[in-house]
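Everything below concerns the one structure shown next.
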Amino acid sequence: NAGVTQTPKFQVLKTGQSMTLQCAQDMNHNSMYWYRQDPGMGLRLIYYSASEGTTDKGEVPNGYNVSRLNKREFSLRLESAAPSQTSVYFCATRGFMTGPNTEAFFGQGTRLTVV
Amino acid sequence: AQSVTQLDSHVSVSEGTPVLLRCNYSSSYSPSLFWYVQHPNKGLQLLLKYTSAATLVKGINGFEAEFKKSETSFHLTKPSAHMSDAAEYFCVVSEHTNAGKSTFGDGTTLTVKP
């Protein structure tokens, strides 16, 4: 049972290059999220998907696009990378909104450097 | 709307002494609250959660937290710090809506001195 799997784990991009971060979950959760983590700050929500076929902007969506390919997969795309997008990116899922099992589950993160 | 404030960005304790990491929250709903721990260059691990059952919540590795609605607080405590507790700690509030978005505090770095 892998949980939440992110690929790649590390990536270095040149300014202006594009790339897609992949996230897959085997927990059968409806909700999926992409966060970025910068030094001295908590995780900030980039985009989220409440269910297959829907996506919405979070707190910091500029410069990113997402695709909810199916229930399992939620990808994050940087069309033209900028140094300000250097960060650690986390994918997360959540299955229940009420009750005792409402916690989110996180992938191991993707460390992205844009030079 | 919801928000989280972690009142200390850094906390330093000696090994064997108590730990207190403070968290205040704001939420329009009866919230779900969580504490996560992140060790250097690692992912996030759930320490404990409050989901409207008991107000005193016990978690892993001897940590616990008390939900106080009147004070809108969810402080994390541990009676005796261990060197392995040195890490970044995040307080998180989550919505009960369909999207279930989570809002993170800025984190508290815990240093444990020998």
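The values are calculated or read from the model by the stated rules, or taken from the named source; none is laboratory data. Owing to the predicted nature of the structure, the values given are computational and were not obtained by experimental measurement. We place every Cβ from the backbone using ideal geometry, glycine too, and count neighbours over all the protein chains shown.
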Quiz item: In the list A:Gly40, A:Gly53, which residue meets the criterion of being under 24 Å from B:Ser3 (Cα atoms) and either part of a strand (DSSP E or B) or at pLDDT below 95 (or both)?
Solution: A:Gly40
Exercise. Check whether at least one residue in the range A:6-22 is within 14 Å of chain B (Cβ to nearest Cβ) and either touching a helix residue (DSSP H, G or I) at 6+ places or on another chain (Cβ under 9 Å) or assigned to a loop (DSSP other than H, G, I, E, B) (or both), and report yes or no.
Key: yes
Quiz item: Of all strands (runs of 3 or more DSSP E) completely enclosed by the range B:1-96, which ones contain at least 2 residues that are out of contact with any Lys or Arg (no Cβ under 9 Å at 6 or more places or on another chain), of a type in the set (Ser, Thr, Tyr) and modelled with pLDDT under 95?
Solution: B:23-27
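Is it fair to say B:Leu56 is surrounded by 20 or more Cβ atoms within 10 Å (Cβ to Cβ) and out of contact with any helix residue (DSSP H, G or I) (no Cβ under 7 Å at 6 or more places or on another chain)? Break it down into steps so the answer makes sense when it comes.
Numbers: surrounded by 20 or more Cβ atoms within 10 Å (Cβ to Cβ): no; out of contact with any helix residue (DSSP H, G or I) (no Cβ under 7 Å at 6 or more places or on another chain): yes.
Criteria not met by B:Leu56.
Of the residues B:Tyr25, B:Tyr89, which is more than 11 Å from every other protein chain (Cβ to nearest Cβ), surrounded by 18 or more Cβ atoms within 10 Å (Cβ to Cβ) and closer than 29 Å to A:Ser87 by Cα? Spell out the reasoning first.
Values: B:Tyr89 fails: more than 11 Å from every other protein chain (Cβ to nearest Cβ).
One residue alone meets the criteria, B:Tyr25.
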Self-check item: Answer from A:Gly53, A:Gly95, A:Gly40 - the residue that is in contact with a Lys or Arg (Cβ under 7 Å, 6 or more places away or on another chain), among the small types (Gly, Ala, Ser) and surrounded by fewer than 22 Cβ atoms within 10 Å (Cβ to Cβ)
Solution: A:Gly53
Self-check item: Subset tally (residues that are closer than 21 Å to B:Glu88 by Cβ and more than 9 Å from chain A (Cβ to nearest Cβ)) for the range B:28-48
Solution: 7
Exercise. Determine which single condition A:Ser84 fails, assuming it passes every other condition in (1) touching a His at 6+ places or on another chain (Cβ under 6 Å); (2) more than 10 Å from chain B (Cβ to nearest Cβ).
Key: (1)
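With on the phi > 0 side of the Ramachandran plot and either more than 14 Å from every other protein chain (Cβ to nearest Cβ) or more than 15 Å from the chain's Cα centre (by Cα) (or both) as the only criterion, which of B:Thr111, B:Thr72, B:Thr97 stands out?
Working: B:Thr111 fails: on the phi > 0 side of the Ramachandran plot; B:Thr97 fails: on the phi > 0 side of the Ramachandran plot.
B:Thr72 is the lone residue from the list that is on the phi > 0 side of the Ramachandran plot and either more than 14 Å from every other protein chain (Cβ to nearest Cβ) or more than 15 Å from the chain's Cα centre (by Cα) (or both).
Of the residues B:Ala65, B:Ala81, which single one is within 14 Å of another protein chain (Cβ to nearest Cβ), in contact (Cβ under 8 Å) with a residue 12 or more places away in the chain and not acidic (Asp, Glu)? Working first, answer last.
Working: B:Ala81 fails: within 14 Å of another protein chain (Cβ to nearest Cβ).
Testing whether each residue is within 14 Å of another protein chain (Cβ to nearest Cβ), in contact (Cβ under 8 Å) with a residue 12 or more places away in the chain and not acidic (Asp, Glu) leaves just B:Ala65.
Within the range B:4-12, is even one residue facing chain A (nearest Cβ under 10 Å), closer than 20 Å to A:Leu45 by Cβ, within 16 Å of the chain's Cα centre (by Cα) and β-branched (Val, Ile, Thr)? Quick ask: steps written out before the conclusion?
At the first step, the residues of the range B:4-12 found to be facing chain A (nearest Cβ under 10 Å) are B:4, B:6, B:9.
Add one more test, that the residue is closer than 20 Å to A:Leu45 by Cβ, and what stays is B:4, B:6.
The next check asks that each one be within 16 Å of the chain's Cα centre (by Cα); those that pass are B:4, B:6.
Now drop any that are not β-branched (Val, Ile, Thr), which leaves B:4.
Yes, that holds for at least one residue.
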